[in-house]
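Visitor: Below you will find the structure I want to go over with you.
The numbers here are math on the coordinates, done by the rules we state, and not lab data. Remember, predicted model here, so these are calculated numbers, not experimental data. As a convention, Cβ positions derive from the backbone with ideal geometry for all residues, glycine included, and neighbour counts pool all protein chains shown.
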Amino acid sequence: MDQSEDQILAEELAALGAVGGGSGRLVRVMAKLMRKNVHEVDLLFPLPFDDAVKCVSDVLGKAGRAAETVPLGSDEEETIRVVAGGGAGGLNPVVVTARVLKADGHTSEVWLRAAAKEGLIRQRAGEKTAVRLAAQLSRAAGADKAGG
């Protein structure tokens, strides 16, 4: 089942609330009302498609844990989604989605999106996580930022 970013973030925040002794159900309801901080970055990898998918999977796998299995689009597209920690102390869950697209035989495009819920204090966890992971991906692939 494909969950939306909002559903994943609400569940993650509810789990954190329950661990802290709060009501997971109340936190889940409140999370749905919170603003979302989203940032997207486009990258161009000087790698063939299969190598780019492996590189993105490795980097995102180290940054967080798999959130769900995202349905594959085709032989020329792969989507990877993880939940990473962001914000103060890495306690704010951030849903990171990377789409790897085959550009040609020797290059691939990566669309990276990070989303996190914002409380009263704006931490910009989605934005900061996207920028941090884009830099890690660029270093791992030897790529330059194409835009975003």
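Visitor: Can you give the FRET efficiency to the nearest 0.05 for Glu77 and Arg122, using r as the Cβ-Cβ distance and R₀ = 35 Å?
Guide: With a Förster radius of 35 Å, E is 0.55.
Visitor: Then there's this: Testing the spin-label approximation: label points 7 Å from Cα along Cα→Cβ at Glu40 and Gln3. State their distance in nm.
Guide: Between Glu40 and Gln3, the label points sit 2.3 nm apart.
Visitor: Arranged from highest to lowest average of other beta-carbon atoms within 10 Å per residue, in what order do the peptides 104-111, 79-86 appear?
Guide: Highest-to-lowest ranking by the protection proxy: 79-86, 104-111.
Visitor: Enumerate the calculated ³J(HN,Hα) couplings along segment 92-105 in order (Karplus 6.51 cos²θ - 1.76 cosθ + 1.60, θ = phi - 60°), each rounded to whole Hz, writing x wherever the residue is Gly or Pro.
Guide: Here the 3J(HN,Hα) series is 8, x, 10, 8, 10, 10, 10, 10, 9, 10, 6, 8, 7, x Hz.
Visitor: Under the definition of Cα pairs under 8 Å and six or more residues apart, what whole-number percent is the relative contact order of the chain?
Guide: This gives 30 percent for the chain.
Visitor: Note the listed values (i) 30, 15, 12; (ii) 38, 17, 15; (iii) 43, 18, 12, then indicate which one is semi-axes √(5λ) of the Cα gyration tensor in Å calculated from this particular structure.
Guide: (i)
Visitor: Which of the peptides 117-127, 88-98 is most tightly packed, and how do the rest follow, going by the mean number of other Cβ atoms within 10 Å of each residue?
Guide: For the peptides 117-127, 88-98, the packing ranking is 88-98, 117-127.
Visitor: Working out 0.36 nm times the residue gap between Asp50 and Ala88, then minus their Cα-Cα distance, what length gain in nm do you get to one decimal?
Guide: Once the chain is fully extended between Asp50 and Ala88, it gains 10.2 nm.
Visitor: On to the next question. Calculate for the chain the 222 nm mean residue ellipticity that helices alone would give, adding -39,500 (n - 2.57) per DSSP H run of length 4 or more and normalising by residue count, nearest 500 deg cm²/dmol.
Guide: The per-residue figure over the chain is -12500 deg cm²/dmol.
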